[in-house]
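Q: Input: one structure, supplied below.
Each reported figure results from applying straightforward, stated rules to the coordinates on display, with no laboratory input. On a predicted model such as this, the values are computed, not experimentally measured, just so you know. Virtual Cβ from ideal backbone geometry, glycine too; neighbours counted across all protein chains shown.
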DNA sequence: TTGTAGGCGTTATCAA
DNA sequence: TTGATAACGCCTACAA
């Protein structure tokens, strides 16, 4: 007579207690490594656990303990970006490392479609995580609302426009980085430097323009700034065409992102000019684009892993009840390649 | 007299019931959209919910329902690969889409360090997910062991060597794809075709070599196969250097991955030869590398999103109690660019 | 050092 | 339609 081969119920503390001839309390104490468990009891319990194949049910434990030792990592990228942006992977890993050190599990939740939004919001409100890290959040979607409403300890990577109160934000120093790379461009001897300024309605876009202006100082010329709506290749190409029409004597350009820069390079080449001889080009992000252009882009590298780690540090602090900084700003490196 | 501003306890069904003047059962029925709730009760409950700010506790629900509507997605990649392999992102998205349609939450768990392994294993055994998708598993680590032991419904993307019994595996047809692209290379008129064979200790690596050998048939020459340990750029470059030393008359090479191919192209160029005129190069994966080389790589494209979707489909089937196929093999496309 | 019993927030069964 | 009440699996006083 064998046991039924059908899905057998998982063993519980109760089963172990029965098998070992002790009480559930004692089993629980043993499992949690507390003292006050006699050698005899310990042995009996160990044998029983092995025999019935007991494995603790975290869900039940979480329920009674009112904490999960888990934090959610929500990524809310447009489909394409998620696949090709190397930064996001680095951020993930950076956060995971920090959380892992603190013995917290990180659960990545992907928001891709509309449906996902609500499901993730439910997941978060369900008490399955103690806190949350959010990258590239929308200002006002169900996810951020739920986080707000629940006062779920949170840290954002990036600062969604109009973001609310009680969370932390970790951002890169867009102004400083833009200024640095612009200065570097000036130091190579460029005299008429323009900018393709993208997404001026976002903090990142506006800040990069500020940095550019700051670096140029008196040499700043409003007419050499070409605003484009998006951080995209085609926006960069079109913007550069217009800029070249307006200022044929341009000899340097700062594109607000690598994709924009790649587009700009195409426009420059089609105008018969060469990069970097006639016009030096610098970008921003050190994304996959930066390696794909010819010549490869000089650009700003985001400290992606650092962003993740810092975000993790901030939620962990909040979990401990601290009130960490509301915004921390990380410096970027410049990588100098062939385009300027 | 205001409410205490300190962390107020979250409202429960109990609170709502009290406030609405009905029983907990009725509230529960309302929340779950069952019928048999009178209009009067409904209104009272809705008001109460709004007033006390009730949000259901999923953890508690999971405990009593004995299911979570969540499946874990475990990625167990070496650090660097995770960051740069676009396939993993696609797989993720493919799986998420399918799970989302079935109204299941996907939780990505990253295994990066040793510590992660155990924590993830605990997470899985804790009853926090109903099933699990595993990409690039190790043959015998705590994670796979726990999955086995718990008979957790599982689907693997890729087939870890020596993998056990009751799960499903979704793989690409490495042999077939390698043979196809090798044949294609032969059809362009190459006569002395070598291979940089990476990661021969993995199924993928060994299978790609098999396909290569199969396509070449009698023309196969053991001496033209250069084994390298990893799917990496530097391994490809170094391997190609050795191969060229040994066989200067080579006119075609199949690199076991795009990164390897990119490295190979560098070595070919530094030897003074040109691609594709002197030597045709083909890769595998259609990763970011493939677009980055000059000329761009002819390569094998993995149906990455399909892999994820299929894996999701398989766990979902198991969750329903079905016994789906134990291995499903997906075909790859060839994308022909300038490198051969 | 151990056992008892109450509670974590839900759902589900069964009378009423 | 509704309300008790018993699980779900675990932790934790408290008493012994």
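Q: Cα gyration tensor of the stretch A:22-162, axes a ≥ b ≥ c as square roots of the eigenvalues: rounded (a/c below 1.5), prolate (a/b > b/c) or oblate?
A: prolate
Q: Which percent of the Cα-Cα distances in the stretch B:213-288 go past 14 Å?
A: Looking at the stretch B:213-288, the distances longer than 14 Å represent 57 percent of pairs.
Q: Next up: How big is the C-alpha Rg of the stretch B:235-340 next to the rule-of-thumb value 2.2 N^0.38 Å, as a ratio?
A: 1.40
Q: Taking each label point as 7 Å beyond Cα in the direction of the beta carbon, state the distances from residue B:14 to the same residue in the other copies, shortest first, in nm.
A: 2.1
Q: For residue B:9 and residue B:221, calculate 0.36 nm times their separation in residues minus their Cα-Cα distance, and state this gained length in nm to one decimal.
A: Taking residue B:9 through residue B:221 to full extension adds about 69.1 nm, to one decimal.
Q: With a point put 7 Å past each Cα toward its Cβ, work out how far residue B:294 is from residue A:23 in nm, to one decimal.
A: Placing both labels 7 Å beyond Cα along the Cβ direction yields 7.8 nm.
Q: Order of B:97-105, A:242-250, B:195-203 by packing, highest average Cβ count within 10 Å first?
A: Answer by packing, highest mean first, reads B:195-203, B:97-105, A:242-250.
Q: How many nm separate the modelled label positions at residue A:206 and residue B:249, each set 7 Å beyond the Cα in the direction of the Cβ?
A: With each label placed 7 Å out from Cα toward Cβ, I get 6.9 nm.
Q: Rg and Dmax in Å for the stretch A:13-65, alpha carbons only: what are they?
A: Spelled out, the Cα radius of gyration and Dmax of the stretch A:13-65 are 10.6, 30 Å.
Q: Quantify how strongly other chains surround peptide A:52-58 by giving the mean number of their Cβ atoms within 10 Å of each of its Cβ atoms.
A: Counting Cβ atoms of other protein chains within 10 Å of each residue's Cβ and averaging gives 4.
Q: Quick one: with label points 7 Å out along Cα→Cβ, list the inter-copy distances for residue A:101 in nm, shortest first?
A: Sorted ascending, the copy-to-copy spacings read 4.2 nm.
Q: For the Cα atoms of chain A, what angle does the longest principal axis make with the long axis of helix A:258-270, in degrees from 0 to 90, nearest 10?
A: For helix A:258-270, the angle is close to 30 degrees.
Q: What whole-number volume per residue, in cubic angstrom, does the convex hull of the C-alpha atoms of the stretch B:142-196 give?
A: It comes to 95 Å³ per residue, whole-number rounded.
Q: Using mean Cβ contacts within 10 Å as the protection proxy, how do A:50-56, A:65-71, B:125-131 order, highest first?
A: Answer by packing, highest mean first, reads B:125-131, A:65-71, A:50-56.
Q: Gaussian network model of chain B, Cα springs within a sub-10 Å range: biggest mean-square fluctuation belongs to which of B:312, B:107, B:154?
A: Between B:312, B:107, B:154, it is B:107 that shows the largest mean-square fluctuation.
Q: Now, a different point. Extending each Cα 7 Å along its Cβ direction at residue A:230 and residue A:320, get the distance between those two points in nm, one decimal.
A: Once both label points are built, they end up 4.3 nm from each other.
Q: Quote the relative contact order of the stretch A:13-65 in percent (integer), defining contacts as alpha-carbon pairs under 8 Å separated by 6+ residues.
A: The normalised contact order for the stretch A:13-65 reaches 38 percent.
Q: Hey, another quick one. Between helix B:203-216 and chain B, what is the angle of the helix's C-alpha long axis to the longest principal axis, kept within 0 to 90° and rounded to the nearest 10?
A: It works out to around 40 degrees.
Q: Write down the Å³ per residue value for the convex hull defined by the alpha carbon atoms of the protein assembly as shown.
A: It comes to 209 Å³ per residue, whole-number rounded.
Q: Okay, next question. Could you pull the Rg and Dmax for the stretch A:174-301, using just the Cα atoms, both in Å?
A: Taking only Cα atoms of the stretch A:174-301, I get Rg and Dmax of 12.4, 34 Å.
Q: Mean-square fluctuation check for chain B, GNM, Cα pairs under 10 Å: which of B:257, B:274, B:38 is largest?
A: With Cα springs under 10 Å in chain B, the top fluctuation among B:257, B:274, B:38 is at B:38.
Q: If you line up the long axis of helix B:304-319 against the longest principal axis of chain B, both from Cα atoms, how many degrees apart are they, to the nearest 10?
A: Between the helix axis and the principal axis of chain B, the angle is about 40 degrees.
Q: Take the Cα atoms of the stretch B:281-335, build their convex hull, and give its volume per residue in Å³.
A: 67
Q: Right, here's the next one. How big is the gap, in Å, between the Cα center of the stretch B:157-234 and the Cα center of the stretch A:67-117?
A: The stretch B:157-234 and the stretch A:67-117 have Cα centres spaced 33 Å from each other.
Q: Treating the point 7 Å from Cα along Cα-beta-carbon as the label, what are the nm separations from residue B:247 to the other copies, to one decimal?
A: Values, ascending and in nm: 5.5.
Q: On the rotation axis linking copies A and B, which residue of A comes nearest by its Cβ, and by how many whole Å?
A: Checking which Cβ lies nearest the axis yields A:108, 1.
Q: For chain B, what are Rg and Dmax over the alpha carbons, in angstrom?
A: In Å, with Rg to one decimal and Dmax whole: 26.7, 91.
Q: Need the C-alpha centroid separation for the stretch A:126-147 versus the stretch B:265-290, integer Å.
A: If we compute the Cα centre of each part, the gap is 45 Å.
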